[in-house]
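Derivation of every value follows stated rules applied to the coordinates shown; laboratory data play no part. The shown structure was predicted, so the numbers you read here are calculated from the model rather than taken from an experiment. Cβ coordinates were reconstructed from backbone atoms using ideal geometry, including for glycine residues, and neighbour counts include every protein chain displayed.
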Amino acid sequence: MTIWIPELASGTLPKYKKLADAIDQAILNNILKSGYKLPPQRQLADALQVTTGTVTRGYNESERRGSVVARVGSGTYVKSNKPSQYVRHDIDEDCFDLHSAKAPMGMQLEMITSALKQIADEQQMLTSCLSYQPEAAMDHQREQLAQWLTGRKNSCGEQNVLFTYGGQHGISLALQSTCRAGDTVLCEGLSFPGINVACQQQQLRCVGLQMDDNGITVESLKAACVQSHPRVLYLTAQIQNPTSVQMPLSRKKQIVEICQHNGVIILDDDVQFLPQYDKVSSFYQLDPEITIYISSFSKSFSKSFSGGIRIGYLVASEKLISALKVSLRASCWTMPPLMIEIVCRWLASGKMDKLEAWLTTEMAERNAIMQEILAGFEVTFQPHGFNAWLALPEPWRAVGFVEYAEHKGVLIRSAESYAIGRFHAPQNIRICTSAPKNQKQLKQALELLKTCLSETSISGSLVM
Ligand SMILES: Cc1ncc(COP(=O)(O)O)c(C=O)c1O
């Protein structure tokens with residue numbers, strides 16, 4: 001059998017680094033495919049006329065870069081077709097997706113088709129949608145959103161709402177309008193990575209707080225207020241991303257008191273899907289003067305429709321809304337009126353509520369499947385939530401397990417992906433039960449994951 005023999009680059013780099021570079025290049029060029037077993041070290045050393053130690057160091061360097069994985073007694077294998085510093089936006093056809101928190105598709109296609117047909121026949125509306133509109137959108141659109149939210153026990157007026165390009169844009173606008181470079185933003189120690197990115201981009205210091213089974217602890221918030229004088233506290237308290245815990249009302253009330261006392265604005269991110277009747281009062285309901293409520297239709301109320309719809313919204317006091325409008329104008333002026341109109345019609349016709357009811361049933365069924373297949377493992381989840389949080393059995397560690405599961409064909413995320421700053425990530429993984437196309441695929445993906453979990457004999461590479 002012929003073996004892969006790379007051509008090492010010329011230059012002054014150490015040979016082991018040249019070998020690791022050659023492996024990365026061959027993966028990028030699709031010469032080394034996912035799962036390929038690299039040549040035995042001695043054989044490659046002979047072919048390259050270097051010492052076996054150089055090849056060992058080269059393979060170790062590749063493993064450190066995340067391009068290959070070494071299996072004890074078996075050899076070194078290529079991990080994926082791309083070196084791991086490249087974020088995967090594509091999902092291989094032969095990989096099960098349990099890592100993107102997206103809404104399952106039900107009636108969304110029918111909803112968009114009929115809304116587009118309806119608006120296509122309305123000349124006056126189409127003309128308005130083609131014109132510049134105020135940054136806060138058309139009056140009837142704001143009124144519609146406020147009315148819908150009020151009916152969902154998030155009472156507000158049309159002067160309190162602002163449409164955004166989805167939840168992530170809402171987070172950025174909220175930070176822009178409340179913070180200045182160098183300010184401190186507090187959040188859960190494990191949190192939605194979008195807050196980290198937005199803070200970095202705005203040169204804000206993002207500090208992760210200790211959490212227990214009810215979300216961030218009161219003690220850690222009090223201590224951080226004294227030490228860091230934060231401007232903002234960002235929370236995903238309704239259904240925590242990634243741990244799936246829900247903060248009870250009593251804890252929310254304690255947090256509001258501390259924030260009132262320390263002049264801290266709460267960014268209440270309610271983007272992850274949960275049906276209305278599963279929800280605890282929002283921070284906006286508890287104190288609208290110090291809260292910016294962030295949501296979006298990407299996943300439902302939030303997160304029920306689909307990621308591509310890109311319509312989100314903020315709810316805040318009139319004072320905060322005026323500052324948010326300035327940030328909105330600076331970033332994009334306003335949202336496309338046509339997209340807002342489509343969403344508002346779903347709100348008015350009750351179609352969005354029907355979609356929520358369908359998703360609630362679908363997620364209850366999916367999570368029951370997950371509970372049955374993963375019985376015996378320590379899993380935290382909400383009955384209608386998109387994510388589950390699994391504590392890995394020993395000796396698995398989360399980062400290694402994610403790599404192994406990907407190699408076996410199932411994509412999940414490790415706790416490490418959500419760790420803020422130096423926050424200590426536990427050996428947990430996040431499983432999105434909403435991501436597979438249907439329940440059959442979900443079952444297959446979970447069975448595969450369960451098999452991986454039971455393969456505890458693979459304990460990683462030997463490092464010298
Ligand atoms: C907690 C949380 N907030 C915000 C977002 C971003 O939402 P959008 O896709 O609407 O920008 C996400 C996306 O996964 C999320 O999980």
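The table below lists the values:
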item: Ranked W148, W358, criterion: other C-beta atoms within 10 Å, fewest first; result: W358, W148
item: Ranking of L233, L355, L448, L13 by count of other Cβ atoms within 10 Å, fewest first; result: L13, L448, L355, L233
item: Full-extension gain in nm, K33 to E7, via 0.36 nm per residue minus C-alpha separation; result: 7.6 nm
item: Antiparallel %, DSSP beta bridges [both residues in the chain], to 5; result: 60 percent
item: When each of K37/K437; K408/K450; K253/K279; K325/K354; K17/K79; K37/K408 is checked by Cα-Cα distance, pairs over 20 Å; result: K37/K437; K325/K354
item: Inter-label distance for K408 and Q285, nm, one decimal - labels placed 7 Å from Cα along Cα-to-Cβ; result: 4.2 nm
item: Packing-based exposure ordering (other Cβ within 10 Å, fewest first) of S114, S414; result: S114, S414
item: Over the chain: helical MRE at 222 nm, DSSP H runs n ≥ 4 each giving -39500 (n - 2.57), nearest 500; result: -13500 deg cm²/dmol
item: Pairwise FRET efficiency - Q210 versus A391, Cβ, R0 = 22 Å, nearest 0.05; result: 0.80
item: Table column - 3J(HN,Hα) (Hz), segment 190-207, Karplus curve with 6.51, -1.76, 1.60, x for Gly and Pro; result: 10, 8, 4, x, x, 6, 5, 4, 4, 5, 4, 5, 9, 6, 9, 8, 9, 10
item: Distance from segment 325-378 to segment 1-67 (C-alpha centre basis), Å; result: 46 Å
item: Exposed GluC sites (Glu not before Pro) absent - longest run of the chain, DSSP non-H/G/I/E/B, at most 13 other C-beta within 10 Å; result: 123-288
item: Radius 13 Å from Cβ of E158, net charge of other residues (Lys, Arg +1; Asp, Glu -1); result: -2
item: Cut-off under 5 Å, modelled amide H: who pairs with V68 long-range; result: E63, K79
item: Full-extension gain in nm, R329 to T361, via 0.36 nm per residue minus C-alpha separation; result: 7.6 nm
item: FRET efficiency for R65 and E122, using Cβ-Cβ distance with R0 set to 41 Å, rounded to 0.05; result: 0.15
item: L162 long-range amide H proximity, modeled H, under 5 Å; result: L314
item: Tilt relative to the chain, helix 218-228 - C-alpha long axis, 0 to 90 degrees, to 10; result: 90 degrees
item: Fully extended contour minus Cα-Cα distance, from K153 to S100, at 0.36 nm per residue; result: 16.2 nm
